[in-house]
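Trainee: Dumping the structure here so I can ask a few things about it.
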Amino acid sequence: MRRIYADNAATTALSPKVLDKMMPYLTTVYGNPSSLYGIGAEAKEAVEEARAKIATLIGANSPNEIYFTSGGSEADNWAIKGMCRALKKKGKTHIITSKFEHHAVLHTCKALEKEGFEVTYLDVYENGIVKVEDVKNAIKDTTALVTIMYANNEIGTIQPIKEIGAICRENKVIFHTDAVQAVGNVDINVEDQNIDMLSLTGHKFHGPKGCGALYCRRGVRPEILIDGGAQERTRRAGTENVAGIVGLAEALELSLSTMNERNARLTKMRDRLMDGLLTIERSRVNGDRVHRLPGNINMCFEGIEGESLLLRLDMAGICASSGSACTSGDLDPSHVLLSIGLPHEIAHGSMRLSFSDDNTEEDVDYILEQVPKIVDYLRMMSPLWEKIKEEERNN
Ligand SMILES: *Cc1c(COP(=O)(O)O)cnc(C)c1O
């Protein structure tokens, strides 16, 4: 049977080229980077080379602004908890974020509320985009940090990062962005875009899982989250994930080297697929159609359950998602879809497809053939759809 992996926003396949680069560090070069003998020094050299590469690729001034972490979640936790706890001593106890952040940010903010911080959750409106003006209006004397994601993981909408960064700088507020979905897929330059802290993770751009990084501009010093040894210039303890770090840098370099060409191709595929699926009655695209990641499609089909749709898609060999992997198994509809104003019953009938370089026009053809059939089939058995049709007849 045909199998189409269209859940690249959840994770991506490790690139064989990346694995090749990692292999020596999983086998022969197993030394601890903190050790003084040859294979330790060799490992350390590889880590520092990766750090320099990543710094250059995101437009940082110095490799010393890159700290390796266990992934995006740790980078988000560290940036937000570390920075807020450091600034609390100066009377800064207010955080600004948005309603549709990843749970790594939202739950971190919730945790800080318990420590006495006040959090403003900005609206993202129907298009799934934060208004710069809202950020400006929310800033007050006690604001420690603004944390707004670069691109949303469910609906792919891209935020006005540079403008938000400029407002933060003007007001001397630290600006963090969870750029996990954006890194490798859009042009990022932390200097040009006024970003003080940025989270990224390798497994969203064909690198290994369990390895990410936090960029902290020179002088931006979050409190330490992981205490222990003196790794990462004493800021983040734990023996380095050498192979992961090497793979992270390689994956980012590869992803950026093919980005423009890939984005042109994926944008075309995405738009053809969205237009095709919009011919299904009572369907809609969630989030802004233009300011969104090239590979992201998120749609709702009224009168069906997203979960049943996913099961049927799986039977047809299509790996899709109804929201973020973290909320599957949860009965509440996605907080992202609710944040853009979808009613519960419509938000339940949602589907996210996310493409990578591995997807083809043939995948789009196949999905366009399968989805309408499955939606029809599910609606045939759906009391909710029955009710919708009934109401239509009565109007
Ligand atoms: C995947 C993801 C994360 C979590 O990254 P991990 O490396 O899996 O911890 C955080 N934020 C966003 C937007 C993501 O898509």
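Trainee: Order the following by accessible area, largest value first: His203, His291. Probe radius 1.4 Å; ligands, DNA and RNA are ignored.
Mentor: Details: His203 35, His291 100 Å².
The most accessible residue leads, giving His291, His203.
Trainee: What nm distance separates the two modelled labels at Arg221 and Lys136, each placed 7 Å from Cα along Cα→Cβ?
Mentor: 3.4 nm
Trainee: Are there trypsin sites (Lys or Arg not before Pro) in the range 74-136 that DSSP marks as loop and that have at most 11 other Cβ atoms within 10 Å, and which are they?
Mentor: The qualifying sites are Lys89, Lys90.
Trainee: Would you calculate the separation in nanometres between label points at Arg289 and His344, each defined as 7 Å from the Cα along the Cα-to-beta-carbon direction?
Mentor: Result for the modelled spin labels: 3.1 nm.
Trainee: Follow-up. Sort out for me the Cα centre separation of the range 52-118 from the range 125-144, rounded to whole Å.
Mentor: Result: 17 Å between the Cα centres.
Trainee: Take every DSSP beta bridge with both residues inside the range 88-159 and express the antiparallel ones as a percent of the total, to the nearest 5.
Mentor: Numbers: 1 of 9 bridges.
Rounded to the nearest five, the antiparallel share is 10 percent.
Trainee: If you roll a 1.4 Å probe over the heavy atoms of the protein chains, what accessible area per residue do you get for the chain, in Å²? Working shown, then result.
Mentor: Numbers: 16930 Å² over 395 residues.
Spelled out: the 1.4 Å probe surface of the chain, per residue, equals 43 Å².
Trainee: Okay, next question. Just add up the charged neighbours of Met149: K/R +1, D/E -1, any other residue whose Cβ is under 12 Å from the Cβ of Met149.
Mentor: Local net charge: -3.
Trainee: Pairing the Cα long axis of helix 361-380 with the longest principal axis of the chain, what angle in degrees results, from 0 to 90 and rounded to the nearest 10?
Mentor: 50 degrees
Trainee: Sort 210-216, 262-268 for me by packing, meaning the mean count of neighbouring Cβ atoms within 10 Å per residue, highest on top.
Mentor: Details: 210-216: 25.9, 262-268: 16.0.
Taking the mean over residues of other Cβ atoms within 10 Å, the ranking is 210-216, 262-268.
Trainee: While we're here: Check the straight Cα-Cα distances from Lys389 and name the aspartates and glutamates below 20 Å, setting aside those fewer than 8 residues away within the same chain.
Mentor: Glu281, Glu302, Glu305, Glu345, Asp376
Trainee: Moving on. Quick one: 3J(HN,Hα) in Hz for the range 343-351, Karplus 6.51/-1.76/1.60 with θ = phi - 60°, rounded, Gly and Pro as x.
Mentor: For the range 343-351, the Karplus curve yields x, 3, 5, 7, 4, 5, x, 9, 9 Hz.
Trainee: Quote to one decimal, in nm, the extra length available between Ala41 and Asn394 on full extension: 0.36 nm per residue of separation minus the C-alpha distance between them.
Mentor: 119.4 nm
Trainee: Hey, another quick one. Using modelled backbone amide H atoms (1.01 Å from N, in-plane), which distant-in-sequence or interchain residues come within less than 5 Å of Gly238's amide H?
Mentor: Those qualifying (amide H under 5 Å, at least 5 residues apart or on another chain) are Gly229, Gln231.
Trainee: Sorted by accessible area with a 1.4 angstrom probe, largest first, how do Thr258, Thr28 fall?
Mentor: Largest accessible area first, the list is Thr28, Thr258.
Trainee: What does the helix-only formula give at 222 nm for the chain: each DSSP H stretch with n ≥ 4 adding -39500 (n - 2.57), the total divided by the residues, and the result rounded to the nearest 500 deg cm²/dmol?
Mentor: Numbers: 14 runs with 158 residues, N = 395.
My calculation for the chain gives -12000 deg cm²/dmol from helical runs alone.
Trainee: Then there is this: Please list, in order along the range 86-96, the HN-Hα scalar couplings obtained from phi with the Karplus expression 6.51 cos²θ - 1.76 cosθ + 1.60 (θ = phi - 60°), rounded to whole Hz, x for Gly and Pro.
Mentor: My calculation for the range 86-96 gives 5, 7, 4, 4, 9, x, 8, 10, 10, 10, 10 Hz in order.
Trainee: Expressed as a whole percentage, what fraction of the accessible surface of the chain belongs to carbon and sulfur atoms when a 1.4 Å probe is rolled over the protein heavy atoms?
Mentor: That fraction is 52 percent.
Trainee: By average Cβ neighbour count within 10 Å, what is the ranking of 46-53, 30-37 from highest down?
Mentor: Result, highest mean first: 46-53, 30-37.
Trainee: Right, next: Label the range 34-129 by shape, choosing from rounded, prolate and oblate, from the square roots a ≥ b ≥ c of the eigenvalues of the Cα gyration tensor; if a/c is under 1.5 it is rounded, and otherwise prolate applies when a/b is larger than b/c, oblate when it is not. Write out the running numbers ahead of the final one.
Mentor: Details: a/c = 2.76, a/b = 1.95, b/c = 1.42.
Prolate shape, in that a/c is at least 1.5 and a/b is the bigger ratio.
Trainee: What residues qualify as long-range amide H neighbours of Thr69, i.e. H under 5 Å apart, gap of 5 or more or another chain, H built at 1.01 Å from N?
Mentor: Amide H neighbours of Thr69: Gly212, Ala213, Leu214.
Trainee: So for the chain: antiparallel DSSP bridges make up what percent, rounded to the nearest 5?
Mentor: The answer is about 55 percent antiparallel.
Trainee: Which entries of Lys209/Lys268; Lys81/Lys204; Lys81/Lys172; Lys99/Lys140; Lys92/Lys114 show an alpha-carbon separation above 25 angstrom in the structure shown?
Mentor: Checking Cα-Cα distances, Lys209/Lys268 exceed 25 Å.
Trainee: Largest first, what is the accessible-area ranking of Trp78, Trp385 with a 1.4 Å probe?
Mentor: Trp385, Trp78
Trainee: Would any residue of the range 33-65 have its amide N under 16 Å from a label point 7 Å out along Cα→Cβ of Asp187? List them or say none.
Mentor: The answer is 57-60.
The values are calculated or read from the model by the stated rules, or taken from the named source; none is laboratory data. What you see is a predicted model, and the numbers here were worked out from it, not measured in a lab. Cβ coordinates were reconstructed from backbone atoms using ideal geometry, including for glycine residues, and neighbour counts include every protein chain displayed. For accessibility, only protein heavy atoms count, side chains too; no ligands or nucleic acids. Shrake-Rupley method; radii C 1.70, N 1.55, O 1.52, S 1.80 Å.
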